[in-house]
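Colleague: What follows is a structure written as structure tokens; I'll ask about it next.
None of the figures in this text is laboratory data; all of them are computed from the coordinates on show. None of the values given here were measured: they were computed from a predicted structure. We place every Cβ from the backbone using ideal geometry, glycine too, and count neighbours over all the protein chains shown.
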Amino acid sequence: MHETIRLAGLVQERIGDVLADHRQQLEALGPDAIPLLDEAADYLAGGKRLRAQFCVLGARSVGRVDFDDADESETDGVAPGAASPALGPDADRILDAACALELFHAAALIHDDVIDRSDTRRGRPSAHRHFAGLHEDADYRGDADHFGLAGAILLGDLLQSWSDELMQRACDATGDRAAARAAREHFNRMRSEVAVGQYLDVLEEQRPAAAPEAEQLERSTRVLVYKSAKYSVEAPLLIGAALFGADEEQEQSLAEFGLPVGVAFQLRDDVLGVFGDAEVTGKPAGDDLAEGKRTVLVTLAREALPNTQRRVFDDMFGDPELDDEQVEMLQRTIRDSGALDRVEEMITRNLDRATQSLAAAPINAEAKARLGSLADRSGRRAF
């Protein structure tokens with residue numbers, strides 16, 4: 001746990017340096033740009049740093065990365081964006097890659113909230129609502145909501161650009177050109193898969209009716225895998241491992257471990273999207289029900305309902321004006337259908353599959369132990 005806290009601190013420090021460096025570079029644009037840069041800093045403060053952790057453990061699976069020897073006092077006075085003198089070159093470049101993933105994740109969340117019309121994120125206004133609020137407070141002309149959407153889209157684009165710069169810096173610092181090329185390929189593929197997975201998610205919400213059960217489950221699973229599961233665990237692992245020269249067998253083993261962990265993580269997220277505590281998730285209770293998310297959980301619930309009850313469920317599902325009583329009714333229907341129990345079983349099976357893959361993986365023994373622990377916490381969302 002100490003190392004997790006230490007890594008989170010280093011990630012936050014590096015992100016702060018990167019933001020300060022960009023703020024300095026953009027100073028010539030004047031004070032009107034400050035709210036955009038301030039929102040970037042506020043949005044990137046804190047978080048579980050799950051993707052950073054998996055990236056570092058991917059590197060440690062095949063090489064040596066040591067943050068423990070870093071003396072925090074040595075970081076005083078370091079110029080923004082400069083490599084910390086407390087870190088060796090190996091730790092420094094994997095930290096850049098880990099931070100690149102965190103910036104990409106933040107951008108994806110900002111765009112996701114725009115797409116889903118979500119008003120909150122982590123217990124605070126989502127980016128587009130924040131910018132809409134700035135518009136209203138300043139009494140600007142035009143439409144506040146449109147300004148909010150524009151500001152959020154541009155902030156997400158900006159963070160994606162900075163993410164790419166950090167990833168390139170990590171690759172440039174890698175002496176092995178083949179390793180750098182492999183890491184970059186994993187990063188590029190991840191970005192494409194997330195964008196297309198997000199589109200498929202939007203498409204599912206717009207279809208006039210759910211597909212037959214087997215087809216709908218396949219669609220929901222495809223969205224789960226490509227929108228979230230792969231980029232949450234598998235891609236960070238492969239990027240970190242590739243930067244340290246992982247061979248094909250090692251990458252395959254990490255992929256076989258990472259994908260089921262990512263699936264378990266997203267299935268747990270889907271459960272929280274229906275049954276989660278708003279004070280814990282930072283989103284309204286039953287948010288996925290109001291948004292009409294055709295998740296695996298919802299698909300399994302519909303499959304188990306009698307026709308009459310299914311029609312009632314479908315009439316309410318996806319209504320943005322759902323009140324608390326209706327949310328509770330849908331939650332009860334899903335629970336009584338047995339779908340929640342089935343998803344819990346799926347989470348357990350995926351974690352068991354990951355554990356079996358990890359046991360046979362030709363990687364560092366210490367990294368195995370830490371990956372096993374992080375996989376368990378990912379499936380339970382116990383961070």
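Colleague: With a Förster radius of 41 Å, plug the Cβ-Cβ distance of THR348 and ARG177 into 1/(1 + (r/R0)^6) and report the FRET value to the nearest 0.05.
Modeller: Once rounded, the FRET efficiency stands at 0.45.
Colleague: With n ≥ 4 as the cut-off for DSSP H runs, can you work out [θ] at 222 nm for the chain, using -39500 (n - 2.57) per run divided by the number of residues, rounded to the nearest 500?
Modeller: Calculated from helices alone, the mean residue ellipticity at 222 nm is -24000 deg cm²/dmol.
Colleague: Shifting gears a bit: Where is the GNM fluctuation largest for the chain (alpha-carbon springs, 10 angstrom cutoff): VAL296, VAL65, VAL196?
Modeller: Comparing VAL296, VAL65, VAL196 in a Gaussian network model of the chain, the most mobile one is VAL196.
Colleague: What's the magnitude of the charge dipole for the stretch 123-264 around its Cα centre, counting Lys and Arg as +1 and Asp and Glu as -1 at the beta-carbon? Answer in Debye, nearest 20.
Modeller: Taking the Cα centre of the stretch 123-264 as origin, the dipole is about 160 debye.
Colleague: Still on this structure: Using +1 at the C-beta of Lys and Arg and -1 at the C-beta of Asp and Glu, which of ILE153, LEU44, LEU203 has the Cα lying farthest in the positive direction of the dipole of the chain?
Modeller: LEU203
Colleague: In whole Å, how far is the Cα centre of the stretch 1-65 from that of the stretch 177-240?
Modeller: Using only Cα atoms to place each centre, the spacing works out to 24 Å.
Colleague: Treat each spin label as a single point 7 Å out from the Cα along the C-beta direction, and report the GLU328 to THR308 distance in nm.
Modeller: According to this spin-label approximation, the distance is 2.4 nm.
Colleague: Could you size up the charge dipole of the chain around its Cα centre, putting +1 on the beta carbon of Lys and Arg and -1 on that of Asp and Glu, and report it in debye to the nearest 20?
Modeller: Taking the Cα centre of the chain as origin, the dipole is about 1080 debye.
Colleague: Also, quick follow-up: For Cα pairs less than 8 Å apart in space and 6+ apart in sequence, what is the mean separation divided by the residue count of the chain, i.e. the relative contact order in percent?
Modeller: In percent, rounded to a whole number, it is 18.
Colleague: Using a Gaussian network for the chain with springs between C-alpha atoms less than 10 Å apart, which of these wobbles most: ARG14, ARG51, ARG349?
Modeller: Evaluated over the chain, the most mobile residue of the options is ARG349.
Colleague: Also, I was wondering about something else. Span-like helices, the chain: DSSP H, alpha-carbon axial extent 15 Å or more, mean Kyte-Doolittle -1.0 or greater, which ones?
Modeller: TM-like helix candidates: 2-25, 50-62, 89-116, 127-138, 144-172, 177-206, 213-224, 248-275, 339-360, 365-380.
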